[in-house]
Amino acid sequence: MKTIGIVDTTFARFNMGRAAVDEIQQNVSAKIKRITVPGVKDLPVASKKLIEEEGCDIVIALGMPGAKEQDKICAHEASTGIIQAQLMTNTHIIEVFVHEDEGKDEKELAFLMEMRSREHALNVVNMLFHPEKLVKQAGTGQRQGFEDVGTLRH
Amino acid sequence: MKTIGIVDTTFARFNMGRAAVDEIQQNVSAKIKRITVPGVKDLPVASKKLIEEEGCDIVIALGMPGAKEQDKICAHEASTGIIQAQLMTNTHIIEVFVHEDEGKDEKELAFLMEMRSREHALNVVNMLFHPEKLVKQAGTGQRQGFEDVGTLRH
Amino acid sequence: MKTIGIVDTTFARFNMGRAAVDEIQQNVSAKIKRITVPGVKDLPVASKKLIEEEGCDIVIALGMPGAKEQDKICAHEASTGIIQAQLMTNTHIIEVFVHEDEGKDEKELAFLMEMRSREHALNVVNMLFHPEKLVKQAGTGQRQGFEDVGTLRH
Amino acid sequence: MKTIGIVDTTFARFNMGRAAVDEIQQNVSAKIKRITVPGVKDLPVASKKLIEEEGCDIVIALGMPGAKEQDKICAHEASTGIIQAQLMTNTHIIEVFVHEDEGKDEKELAFLMEMRSREHALNVVNMLFHPEKLVKQAGTGQRQGFEDVGTLRH
Amino acid sequence: MKTIGIVDTTFARFNMGRAAVDEIQQNVSAKIKRITVPGVKDLPVASKKLIEEEGCDIVIALGMPGAKEQDKICAHEASTGIIQAQLMTNTHIIEVFVHEDEGKDEKELAFLMEMRSREHALNVVNMLFHPEKLVKQAGTGQRQGFEDVGTLRH
């Protein structure tokens, strides 16, 4: 059985990890390893440990970077580290970040955080079990959390 | 026979991978491995896996970064990772990015995405089969998708 | 017995390392290795040496980046290195940075530096001894030094 | 006999590689390996392959980043990769970049590209054959392509 | 006997390496290996080679980034590389950068370059021979070249 790692943060203001776990369990039978770290900069090594020490076949790293300039820099550092961790393990880590200023109010932000977590959980299911489905979606303007924008009219 | 890897995204709004595959097949006999990932930040490890797990001799990584500031940062992170992946494998990964704001409308953007994908596919063919052709083009102001600008008048 | 590494700087204007050591000793029985380096850019390798040469199970890296633009860049470089050090060792290094311009005066800045050092020391204790406590705090908007912001109302 | 690697791009608008080769051949007897890649982001792995697969003792990586903001980011990514490639091989790769907006017209730009390529080629010759000459130039404000600015008056 | 590596640049406008060597020799008995490279981007691999090929126990990397925006980016790339080099060798490389625009005139800039080189040379001596002295200075607002700012009043 495949193992999916889930790592989220205490800094985020919505339980993104729970949404991802729920979506996976509704769609596929897989072993799930879940941990939580303080902030997004702790996600890279946590993800790498899930892969190398817990045997995860893929990891979902979820976080909510804050709205301040300094928070944007932290998010950039975290993303860079998540890419490095993937290259060091030859394993995908799907990053699910929702910036605190992406929603116009708390309700919309929470909705966005839940939807993006769920839709990327489905991406992970497809990457693990049905990679050919992604090839069929190539160039179709998929978006997670927002409505898909579709293929260019030409 | 040489193997060329092609990886593109579901986020893009034009099927760049298909254009690259078509251009290669019109010009050379090579084995092609194609996969699709959600977004540009998934390209680095996908490319590295094509090289190390699928035996690709070179990879074309195609994506369409969005027009927002945050999208530009994602593109930068992806590019950094693609360079790292090359250094870890001693193998070229030709990055083909078309930013969503490079075209003045959907039609021009689609045209640019197709042309840049095809012209970089030809670069890959030359790098693999005729590297001496590139030396002859050194300093000649080649552009992919846009018209070549040529050598400086001096 | 677990070993916790503490590294701080002579550049900082508050003894962050002492606050972290004090908080740990009040809460848990662990071996502590403490060193001090000149500035934040010296923290990555110092942390890695604490892990690989001194056997630390986790490290707290504390610093106070200055308020100037150049100092912000140094902080970014340090953070990037701290993430790399974690990936190279599969060990968490909790970064505790307080920017010199985060406090409105010296008193508030000192208070913030002490509180953030102490609260992150507690995070480290939990990560090492009670990781399940962090999962319970997932998505609850924890902040270190400032008041927690809580879960989104939705 | 020492081997010097030369890698330049088809994107550049002046044949920088040829200028570097010519300058080396006028000054020293060394084996030269020359290749050309599409753009500056292809330079890091090309340089690393020259070192590891072609036995080069040092490499000159020449490019002309474009004048647009996006081109500046590409140059930054390329430079970061070139530094990484050096660290992975313990071998110097001398980066020779002339930004397209450094010259006031095509003639000046071409002149600058030629001069900087030639002067850095001389640096490479010195690093390889006469490293003590560089120590004698320490702190003397050397510039490549522009006039030297000299030691500070104090 | 301990070995200290010193690497500086021909781009700088003050002989920083000589100042560092002089300060070390006045304070401690150690073997010194000195080299000079063209610019700050050549410092990372030069430092790593001093450690791995010349047996240095610690390195001082000195440079004067220029005042232009592009020079700031070069300094950032160099700093990132210097941190990487440290992580790859588990050895401290103390970066001593004085930006060309830090002094109000040539005289002040030269003074700053000399003082920062000397004060960081003392840091290196302490790190190598008296690390406990640095712990005593933790949080005391040490500055190199400028006057120390001291501990926060609280």
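The values are calculated or read from the model by the stated rules, or taken from the named source; none is laboratory data. Since the model is a prediction, treat every value here as computed from it, not as a measurement. For neighbour counting, all protein chains shown are included, and Cβ atoms are generated from backbone atoms with ideal geometry for every residue, glycine included. Each accessible area value is taken on the protein alone, full model and side chains, heavy atoms only, with ligands, DNA and RNA left out. Shrake-Rupley method; radii C 1.70, N 1.55, O 1.52, S 1.80 Å.
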Exercise. Does D:PHE11 fit the bill of being aromatic (Phe, Trp, Tyr) and free of Cβ contacts under 8 Å to residues at least 12 places away in the same chain?
Worked result: no
Exercise. So which residues in segment A:82-127 are of a type in the set (A, V, I, L, M, F, W, C), farther than 17 Å from A:PRO44 by Cβ and touching a Gly at 6+ places or on another chain (Cβ under 9 Å)?
Worked result: A:VAL98, A:LEU109, A:ALA110, A:PHE111, A:LEU112, A:MET113, A:MET115
Exercise. Looking at (1) in contact with a Cys (Cβ under 9 Å, 6 or more places away or on another chain); (2) hydroxyl-bearing (Ser, Thr, Tyr); (3) within 10 Å of chain C (Cβ to nearest Cβ), can you tell me which one E:THR80 breaks?
Worked result: (1)
Exercise. Could you say whether any residue in segment B:114-133 is within 14 Å of chain A (Cβ to nearest Cβ) and either at positive phi or aliphatic (A, V, I, L, M) (or both)?
Worked result: yes
Seminar exercise, completed: How many residues of segment E:1-18 are open to solvent by 10 Å² or more (accessible area, probe 1.4 Å) and within 11 Å of another protein chain (Cβ to nearest Cβ)? The answer is 5
For this session: Please go through segment B:51-70 and pick out each residue that is open to solvent by 10 Å² or more (accessible area, probe 1.4 Å) and more than 16 Å from the chain's Cα centre (by Cα).
Result: B:GLU52, B:GLU53, B:GLU54, B:GLY55, B:ALA67, B:LYS68, B:GLU69, B:GLN70
For this session: Of the conditions (1) in contact with a strand residue (DSSP E or B) (Cβ under 6 Å, 6 or more places away or on another chain); (2) in contact (Cβ under 8 Å) with a residue 12 or more places away in the chain, C:LEU134 clears all except one; give me its number.
Result: (2)
Exercise. Limited to segment E:71-81, what total is found for residues that are touching a residue at least 24 places away in the same chain (Cβ under 8 Å), open to solvent by less than 10 Å² (accessible area, probe 1.4 Å) and of a type outside the set (D, E, K, R)?
Worked result: 3
Problem set entry | Filter result (open to solvent by 10 Å² or more (accessible area, probe 1.4 Å) and either more than 14 Å from chain D (Cβ to nearest Cβ) or under 13 Å from the mean Cα position of the chain (by Cα) (or both)) within segment E:36-45 | E:VAL40
Problem set entry | Cβ pairs under 8 Å, 6+ apart, first in segment E:83-105 and closer than 16 Å to E:GLY39 by Cβ, second open to solvent by 30 Å² or more (accessible area, probe 1.4 Å) and assigned to a loop (DSSP other than H, G, I, E, B) | E:VAL96/E:GLN144; E:HIS99/E:ALA67; E:GLU100/E:ALA67
Problem set entry | Among the candidates B:LYS48, B:LYS33, residue that is among the basic types (Lys, Arg), buried (at least 18 other Cβ atoms within 10 Å of the Cβ) and within 13 Å of chain A (Cβ to nearest Cβ) | B:LYS48
Exercise. Picking from B:LYS104, B:LYS136, which residue would you name as being charged (D, E, K, R) and within 9 Å of another protein chain (Cβ to nearest Cβ)?
Worked result: B:LYS136
Exercise. Scanning for something in contact with a Leu (Cβ under 7 Å, 6 or more places away or on another chain) and within 9 Å of chain B (Cβ to nearest Cβ), does segment D:90-98 turn up at least one residue?
Worked result: no
Exercise. Out of the residues in segment B:134-151 that are part of a helix (DSSP H, G or I) and open to solvent by less than 60 Å² (accessible area, probe 1.4 Å), which is farthest from D:MET16 (Cα to Cα)?
Worked result: B:LEU134
Exercise. Is it true that D:VAL21 is surrounded by fewer than 24 Cβ atoms within 10 Å (Cβ to Cβ) and more than 7 Å from chain B (Cβ to nearest Cβ)?
Worked result: yes
Problem set entry | Yes/no for E:ILE58 being among the β-branched types (Val, Ile, Thr) and within 11 Å of chain D (Cβ to nearest Cβ) | no
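Conditions tested, residue by residue: (1) crowded, with 18+ Cβ neighbours inside 10 Å; (2) modelled with pLDDT of 95 or more.
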| site | (1), (2) |
| --- | --- |
| E:ILE83 | yes, yes |
| E:ASN90 | no, yes |
| E:GLY103 | yes, no |
| E:LEU109 | yes, yes |
| E:LEU112 | yes, yes |
| E:ASN123 | yes, yes |
| E:GLU132 | no, yes |
| E:ARG153 | no, no |
Problem set entry | Verdict on D:GLN142 being of a type outside the set (Lys, Arg) and at the interface with chain E (Cβ under 7 Å from one of its Cβ atoms) | yes
